[in-house]
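Notes follow the structure.
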Amino acid sequence: MTGTPQDAVAAWWLAMRDRDPEALAGLAVPDLLSSGGPSGRTVGLAGLLAEAAAFFAEARIDTWSVDDLVVRPYGSTAVCSYRWSESGSHLGVPFAMRGLATDVLVHRDGRWWHVAHHVSALPGPADDGVGR
């Protein structure tokens, strides 16, 4: 359940860690906008789920963190900005990434839904020791 914007952000990253496209589908509106992923920009939930399925087939996330989460509420809309890091393996090779993210959420039907998700990778290693 995504009772707060913070819950929705955490649920997004848990779905990625758990390699769960159904959970991702349950967190976003059909016309989701996603930027910064493998293709740079994805329009629509179907495109994001196709990218996620390809990622899940070749990779896994072992640890992740969301830090310095700032939520700006605007009535039934919230803008969330935070630092993220993740580590795992892709095609059997370890990886670690970190960056900045911005999620735009809307409150409908008693819960928060992702309308837009943007990540920008930062150079350098991911923060160590902070996994969920």
Test: residue in the stretch 43-59 that is in a strand (DSSP E or B), at pLDDT below 85 and out of contact with any Phe, Trp or Tyr (no Cβ under 8 Å at 6 or more places or on another chain): yes
Residue satisfying all of: in the stretch 1-25; in a loop (DSSP other than H, G, I, E, B) and open to solvent by 50 Å² or more (accessible area, probe 1.4 Å); farthest from Glu58 (Cα to Cα) among these: Thr4
Residue in the stretch 40-62 that is in contact with a Lys or Arg (Cβ under 7 Å, 6 or more places away or on another chain) and among the β-branched types (Val, Ile, Thr) present: yes
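Rundown of residues vs (1) over 22 Å from Leu91 (Cβ atoms); (2) touching a residue at least 24 places away in the same chain (Cβ under 8 Å); (3) more than 12 Å from the chain's Cα centre (by Cα), yes/no style:
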| position | (1), (2), (3) |
| --- | --- |
| Trp13 | no, yes, no |
| Met16 | no, yes, no |
| Leu24 | no, yes, no |
| Ser35 | yes, yes, no |
| Leu45 | yes, no, yes |
| Arg60 | no, yes, yes |
Selection from the stretch 26-56 of residues that are over 17 Å from Arg108 (Cα atoms), surrounded by fewer than 16 Cβ atoms within 10 Å (Cβ to Cβ) and hydrophobic (A, V, I, L, M, F, W, C): Val43, Ala46, Ala50, Ala53, Ala54
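The values are calculated or read from the model by the stated rules, or taken from the named source; none is laboratory data. Computed from a predicted model, the values in this text were never measured in an experiment. In this analysis, Cβ positions are derived from the backbone assuming ideal geometry, glycine residues included, and neighbour counts consider all displayed protein chains. When the accessible area is computed, the model is the full protein with side chains, heavy atoms only, and any ligands, DNA or RNA have been set aside. Shrake-Rupley method; radii C 1.70, N 1.55, O 1.52, S 1.80 Å.
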